[in-house]
1. Test of understanding: among 43, 59, 72, 95, which residue is assigned to a helix (DSSP H, G or I), out of contact with any Pro (no Cβ under 6 Å at 6 or more places or on another chain), outside the structural domain of residue 188 (by TED's automatic domain parsing) and touching a residue at least 40 places away in the same chain (Cβ under 8 Å)?
2. Can you find a residue that is touching a residue at least 12 places away in the same chain (Cβ under 8 Å), closer than 30 Å to residue 190 by Cα and outside any loop (DSSP other than H, G, I, E, B) anywhere in the range 46-53?
3. Please determine, by comparing only the residues of the range 179-210 that are at pLDDT below 80, part of a strand (DSSP E or B) and small (Gly, Ala, Ser), which one is farthest from the chain's Cα centre (by Cα).
4. Working carefully through the options 58, 20, 38, find the one that is more than 23 Å from the chain's Cα centre (by Cα) and closer than 30 Å to residue 97 by Cβ.
5. Out of the residues in the range 110-123 that are touching a residue at least 40 places away in the same chain (Cβ under 8 Å) and not acidic (Asp, Glu), which is farthest from residue 33 (Cα to Cα)?
6. One residue is enough: does the range 158-175 have a residue meeting the conditions in contact with a helix residue (DSSP H, G or I) (Cβ under 6 Å, 6 or more places away or on another chain), closer than 27 Å to residue 123 by Cα and either assigned to a helix (DSSP H, G or I) or modelled with pLDDT of 80 or more (or both)?
Amino acid sequence: MTLTASEIDKIAREIRDYFRQESATVQIQKIKPNFYERAKEAIESLDEMARSNISPERIDMYRKVMDKRDIIEKNLRNFLLKRYEKILRDSLFEIGSSIMDRLTSQEKIFIMDMHNRMALYIDGLIQVKNIAPKEEIEPVEEISTVHPDHEKTEAGKHMPESTDPMKLVSVNAEYLPVATSIGDFYLHKNDILYLPVKAAELIIEKKYARYVEFSKK
């Protein structure tokens with residue numbers, strides 16, 4: 001759907017306001033959940049307006065439309081650089097709800113991906129690997145990348161019954177999306193729950209969790 005000129009102007013002002021807020025503060029600021037979709041829609045609408053004004057008679061209008069488009073894109077890029085500088089900084093540390101509540105669905109996926117990548121990278125630099133006997137395991141299920149529109153269930157809430165072998169694990173990664181044979185879930189740090197063996201083995205291999213073993217008396 002092509003936006004009207006007034007709608008585009010409103011989004012342009014919003015981009016400028018968000019950029020000023022991010023530039024003036026140390027913490028990440030809360031933005032509208034659909035901000036990126038609306039900004040992209042404004043640029044696409046200006047592209048459509050420009051295409052409809054490509055003619056010698058409308059060359060002045062074409063230039064005005066393209067100038068507005070260039071300004072919006074420039075301001076949006078400046079905003080993104082400032083905001084994602086903060087997101088990358090915060091991804092290096094433990095990420096609490098106070099940060100996650102300020103992010104869009106796209107940003108939540110990005111910050112957790114960067115957080116987990118950096119945790120694995122740092123662990124690889126400082127930890128000494130223990131040589132363990134090799135054992136054969138079945139192919140494991142893959143952790144899925146969560147699409148912003150894909151609803152997932154919080155782990156431990158209304159989890160369905162499973163006929164697959166289960167393992168008890170303790171999660172050490174914050175806000176971890178995982179796909180299993182019994183459903184898709186968000187796992188959180190310090191969650192202790194049973195998962196199908198294949199899914200448990202994969203997240204443990206990636207150091208996102210560890211097995212919980214009961215001592216035998």
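1. Working: 43 fails: touching a residue at least 40 places away in the same chain (Cβ under 8 Å); 59 fails: touching a residue at least 40 places away in the same chain (Cβ under 8 Å); 95 fails: assigned to a helix (DSSP H, G or I).
Testing whether each residue is assigned to a helix (DSSP H, G or I), out of contact with any Pro (no Cβ under 6 Å at 6 or more places or on another chain), outside the structural domain of residue 188 (by TED's automatic domain parsing) and touching a residue at least 40 places away in the same chain (Cβ under 8 Å) leaves just 72.
2. Step one: of the range 46-53, the residues touching a residue at least 12 places away in the same chain (Cβ under 8 Å) are 46-50, 53.
Then drop every residue that is not closer than 30 Å to residue 190 by Cα, which leaves none.
No, there is no match, as no residue in the range 46-53 is touching a residue at least 12 places away in the same chain (Cβ under 8 Å), closer than 30 Å to residue 190 by Cα and outside any loop (DSSP other than H, G, I, E, B).
3. 183
4. Details: 58 fails: closer than 30 Å to residue 97 by Cβ; 38 fails: more than 23 Å from the chain's Cα centre (by Cα).
Result: 20 is the single residue among 58, 20, 38 that is more than 23 Å from the chain's Cα centre (by Cα) and closer than 30 Å to residue 97 by Cβ.
5. From the range 110-123, those touching a residue at least 40 places away in the same chain (Cβ under 8 Å) are 112, 115-116, 119-120, 123; that's our starting set.
Still in the running and not acidic (Asp, Glu): 112, 115-116, 119-120.
Working: 112: 17, 115: 21, 116: 23, 119: 27, 120: 29 Å.
Out of the qualifying residues, it is 120.
6. Within the range 158-175, the first condition is being in contact with a helix residue (DSSP H, G or I) (Cβ under 6 Å, 6 or more places away or on another chain), and the residues that meet it are 165, 167, 169, 173, 175.
This time we only want the ones that are closer than 27 Å to residue 123 by Cα, so: 167, 169, 173, 175.
Then drop every residue that is not either assigned to a helix (DSSP H, G or I) or modelled with pLDDT of 80 or more (or both), which leaves 167, 169.
Yes - at least one qualifying residue is present in the range 158-175.
The values are calculated or read from the model by the stated rules, or taken from the named source; none is laboratory data. In this text, all values refer to a predicted model and were calculated from it rather than measured experimentally. Methodologically, a virtual Cβ is constructed for each residue, glycine included, from the backbone with ideal geometry; neighbour enumeration extends over all protein chains shown.
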